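Asker: Here it is, the structure, as structure tokens.
The values are calculated or read from the model by the stated rules, or taken from the named source; none is laboratory data. Bear in mind that the values here come from a model prediction, so they are computed numbers and not experimental data. Cβ sites come from the backbone with ideal geometry, for glycine too, and all protein chains shown count toward neighbours.
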Amino acid sequence: MKNYIYLLVTLLITSCMPNTNKSKEINIYSQRHYDSDKMQYKKFEEKTGIKVNVTKAGADELIQRMKNEGDNSQADLFITVDVGKLWQAGEMGLFQKIDDQKVFDNIDPQFLDKNGYWVPVTYRSRVVVYSNERVKKEDLSTYEDLANEKWRGRLLVRSSSNAYNQALMSSLVANLGPEAVTSWSEGVVKNFARDPKGSDRDQVKAIAAGQGDIAIVNSYYIGLLLSSEKEEEINAGNAVSVFFPNQADGDRGAHINVSGIALTKNAPNKENALELIKYLTSVEGQETYVKNSFEYSVNPNVKPDEIVQAWGEFKKDPVDLNMLGIKRDEAIRIFDKTGWK
Ligand code: FE
């Protein structure tokens with residue numbers, strides 16, 4: 001009898017416990033490919049006891065997987081390095097809205113999704129880097145000017161299948177319209193120093209090796225090169241300077257993209273997932289990103305790393321970030337039409 005009462009009391013207590021204690025894990029599908037994330041999840045696990053399971057793959061692959069898994073998907077969160085993919089997956093009905101004031105309180109409102117389907121964890125600019133030996137800062141001005149024939153045979157950039165390039169092209173379509181951007185892209189292709197290949201880091205290394213003079217790359221890769229343990233990478237980082245395009249008075253500012261996170265439609269561990277979003281956007285979480293991946297913080301209380309601060313502040317293109325998804329098909333058509341491989 002005593003045992004029976006004990007069991008009954010235990011059952012009563014456990015059934016009254018809040019949902020958060022039901023499971024102590026979260027499943028993340030992530031496209032992010034930086035060491036900062038391992039540190040981030042380890043700290044969160046230590047703090048909360050919630051185990052973080054990460055499945056890493058390309059964004060398209062992860063979107064397809066969520067779609068195939070449907071209501072049975074164990075994924076709670078989807079993280080990308082491009083807002084366009086978040087917009088796309090949101091359109092496919094794969095997410096639920098994030099409605100948590102504590103999350104919003106962490107984030108500068110200019111980076112928030114007006115529709116509420118994704119939350120930014122960092123932002124980055126796609127900048128122009130230039131050879132310290134062969135280019136003067138005064139020679140650079142705008143993305144538009146990269147089509148100028150003074151750059152013939154001097155411009156390095158990766159392939160058009162890359163989401164960072166597609167996002168940049170989408171922003172240009174949103175700002176300038178498809179016709180102007182088509183002739184821009186024709187000019188840019190003529191200016192290529194070589195056929196597009198390799199990663200953003202490889203473009204910087206190519207400048208250091210004298211294969212070209214300017215390159216279009218994401219800002220944080222310069223921080224990653226300069227803080228690398230490999231001498232070749234440090235040398236590449238030191239061979240270039242960072243330039244933020246379109247900064248003149250009245251101009252729109254440099255293109256930015258966000259790395260963002262979304263809550264899946266059927267997230268089995270929703271409370272834990274929201275807990276992680278709160279942590280990633282908190283001052284502590286944002287410091288881990290800025291110090292290790294050299295991205296910019298979306299929390300106004302966190303400054304960039306010193307390496308990044310040295311590039312100075314810059315004006316950001318204020319275009320609605322969802323445009324980087326909405327204009328994507330158009331952007332890809334322009335790449336194909338103008339022969340940007
Ligand atoms: Fe990247």
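Asker: Considering only residues of the stretch 19-48 that are exposed (fewer than 13 other Cβ atoms within 10 Å of the Cβ) and in contact with a helix residue (DSSP H, G or I) (Cβ under 8 Å, 6 or more places away or on another chain), which is modelled with the highest pLDDT?
Answerer: LYS47
Asker: Restricting the first residue to the stretch 287-307 and requiring it to be under 16 Å from VAL127 (Cβ atoms) and in contact (Cβ under 8 Å) with a residue 12 or more places away in the chain, which pairs with a second residue that is of a type in the set (Gly, Ala, Ser) and part of a helix (DSSP H, G or I) meet a Cβ separation below 6 Å and a spacing of at least six or different chains?
Answerer: Listed by first residue and then by second, the contacts come to SER293/SER36; PHE294/GLY223; ILE307/GLY223.
Asker: Of everything in the stretch 133-178 that's outside any loop (DSSP other than H, G, I, E, B) and charged (D, E, K, R), which residue is surrounded by the most Cβ atoms within 10 Å (Cβ to Cβ)?
Answerer: Filtering the stretch 133-178 down to residues outside any loop (DSSP other than H, G, I, E, B) leaves 137-139, 144-147, 149-151, 155-156, 163-176, 178.
Next, only the ones that are charged (D, E, K, R) stay: 137-139, 144-145, 149-150.
Numbers: LYS137: 10, GLU138: 6, ASP139: 15, GLU144: 18, ASP145: 16, GLU149: 9, LYS150: 8.
Once the filter is applied, the top-ranked residue is GLU144.
Asker: Are there any pairs with C-beta distances below 6 angstrom linking a residue in the stretch 215-241 that is under 19 Å from ARG124 (Cα atoms) and modelled with pLDDT of 95 or more to a residue that is more than 12 Å from the ligand (Cβ to nearest atom) and small (Gly, Ala, Ser), with the two at least 6 apart or on different chains, and if so which?
Answerer: SER219/SER125; ILE222/GLY237; LEU225/ALA236; LEU225/GLY237; LEU226/GLY237
Asker: Within the stretch 290-340, how many residues turn out to be in a helix (DSSP H, G or I), polar (S, T, N, Q) and surrounded by fewer than 23 Cβ atoms within 10 Å (Cβ to Cβ)?
Answerer: Restricting attention to the stretch 290-340, the residues satisfying the condition of being in a helix (DSSP H, G or I) are 290-293, 306-309, 323-326, 328-337.
In the following step, the residues that additionally are polar (S, T, N, Q) were identified as 292-293, 309.
Filter once more, keeping what is surrounded by fewer than 23 Cβ atoms within 10 Å (Cβ to Cβ): 292, 309.
Result for the stretch 290-340: 2.
Asker: Kindly establish whether GLY223 is of a type outside the set (A, V, I, L, M), within 21 Å of PHE294 (Cα to Cα) and either within 12 Å of the ligand (Cβ to nearest atom) or assigned to a helix (DSSP H, G or I) (or both).
Answerer: Working: of a type outside the set (A, V, I, L, M): yes; within 21 Å of PHE294 (Cα to Cα): yes; either within 12 Å of the ligand (Cβ to nearest atom) or assigned to a helix (DSSP H, G or I) (or both): yes.
Yes, satisfied.
Asker: Between a first residue in the stretch 130-157 that is more than 23 Å from TYR221 (Cα to Cα) and a second residue that is loosely packed, with under 14 Cβ neighbours inside 10 Å, which pairs have beta carbons less than 8 Å apart while being 6 or more apart in sequence or on different chains?
Answerer: ALA147/SER183
Asker: Of the residues that sit in the stretch 194-218 and are among the acidic types (Asp, Glu) and touching a Lys or Arg at 6+ places or on another chain (Cβ under 6 Å), which one is farthest from LEU146 (Cα to Cα)? Steps first, please.
Answerer: Here is the first cut: in the stretch 194-218, the residues among the acidic types (Asp, Glu) are 195, 200, 202, 213.
Next cut, touching a Lys or Arg at 6+ places or on another chain (Cβ under 6 Å) only: 195, 213.
Working: ASP195: 16, ASP213: 12 Å.
Filtering the stretch 194-218 for residues that are among the acidic types (Asp, Glu) and touching a Lys or Arg at 6+ places or on another chain (Cβ under 6 Å), the one farthest from LEU146 (Cα to Cα) comes out as ASP195.
Asker: Now for a separate question. Name the pairs whose Cβ atoms lie under 6 Å apart, with the first residue in the stretch 57-68 and within 15 Å of LYS265 (Cβ to Cβ), the second part of a helix (DSSP H, G or I), and 6 or more positions between them or separate chains?
Answerer: Once the first residue is within 15 Å of LYS265 (Cβ to Cβ) and sits in the stretch 57-68, its partners that are part of a helix (DSSP H, G or I) give ILE63/ALA89.
Asker: Any residue at all in the stretch 235-252 that's in a helix (DSSP H, G or I) and either within 16 Å of the ligand (Cβ to nearest atom) or among the aliphatic types (A, V, I, L, M) (or both)? Steps first, answer last, please.
Answerer: At the first step, the residues of the stretch 235-252 found to be in a helix (DSSP H, G or I) are 235-238.
Next, from what is left, pick out any that are either within 16 Å of the ligand (Cβ to nearest atom) or among the aliphatic types (A, V, I, L, M) (or both): 236-237.
Looking through the stretch 235-252, at least one residue is in a helix (DSSP H, G or I) and either within 16 Å of the ligand (Cβ to nearest atom) or among the aliphatic types (A, V, I, L, M) (or both).
Asker: Somewhere in the stretch 263-272, is a residue of a type in the set (A, V, I, L, M), farther than 20 Å from PRO318 by Cα and within 16 Å of the ligand (Cβ to nearest atom)? Spell out the reasoning first.
Answerer: Step one: of the stretch 263-272, the residues of a type in the set (A, V, I, L, M) are 263, 267.
Still in the running and farther than 20 Å from PRO318 by Cα: 263, 267.
Those left that are additionally within 16 Å of the ligand (Cβ to nearest atom): none.
No, every residue in the stretch 263-272 fails to be of a type in the set (A, V, I, L, M), farther than 20 Å from PRO318 by Cα and within 16 Å of the ligand (Cβ to nearest atom).
Asker: Considering only the stretch 84-107, I want to know if a residue exists there that is assigned to a loop (DSSP other than H, G, I, E, B) and within 16 Å of the ligand (Cβ to nearest atom). First the steps, then the outcome.
Answerer: Going through the stretch 84-107, the residues assigned to a loop (DSSP other than H, G, I, E, B) turn out to be 92-94, 97-100, 107.
The next check asks that each one be within 16 Å of the ligand (Cβ to nearest atom); those that pass are none.
The answer is no, given that none of the residues of the stretch 84-107 is assigned to a loop (DSSP other than H, G, I, E, B) and within 16 Å of the ligand (Cβ to nearest atom).
Asker: Residue check, GLY212 against (1) small (Gly, Ala, Ser); (2) part of a loop (DSSP other than H, G, I, E, B); (3) without any contact (Cβ under 8 Å) to a residue 40 or more places away in the chain, all met but one. Which one?
Answerer: Result: GLY212 passes all but (3).
Asker: Test each condition in (1) more than 16 Å from the ligand (Cβ to nearest atom); (2) touching a strand residue (DSSP E or B) at 6+ places or on another chain (Cβ under 6 Å) for GLU229 and report the one that comes out false.
Answerer: GLU229 satisfies every listed condition except (2).
Asker: Considering each residue of the stretch 254-288, count those that are over 25 Å from SER171 (Cα atoms) and touching a Ser or Thr at 6+ places or on another chain (Cβ under 7 Å), and give that number.
Answerer: The qualifying residues number 8.
Asker: Among TYR130, TYR117, which is the only one that is out of contact with any helix residue (DSSP H, G or I) (no Cβ under 6 Å at 6 or more places or on another chain), at pLDDT 95 or above, outside any helix (DSSP H, G or I) and buried (at least 18 other Cβ atoms within 10 Å of the Cβ)?
Answerer: On the way: TYR117 fails: out of contact with any helix residue (DSSP H, G or I) (no Cβ under 6 Å at 6 or more places or on another chain).
When all the criteria are applied, what remains is TYR130.
Asker: Considering only residues of the stretch 179-198 that are surrounded by 15 or more Cβ atoms within 10 Å (Cβ to Cβ) and closer than 13 Å to GLU330 by Cα, which is farthest from the chain's Cα centre (by Cα)?
Answerer: THR182
Asker: Next question. Only one residue in PRO120, PRO178 is within 16 Å of the ligand (Cβ to nearest atom) and closer than 30 Å to PHE95 by Cβ. Which one?
Answerer: Sole residue among the options that is within 16 Å of the ligand (Cβ to nearest atom) and closer than 30 Å to PHE95 by Cβ: PRO120.
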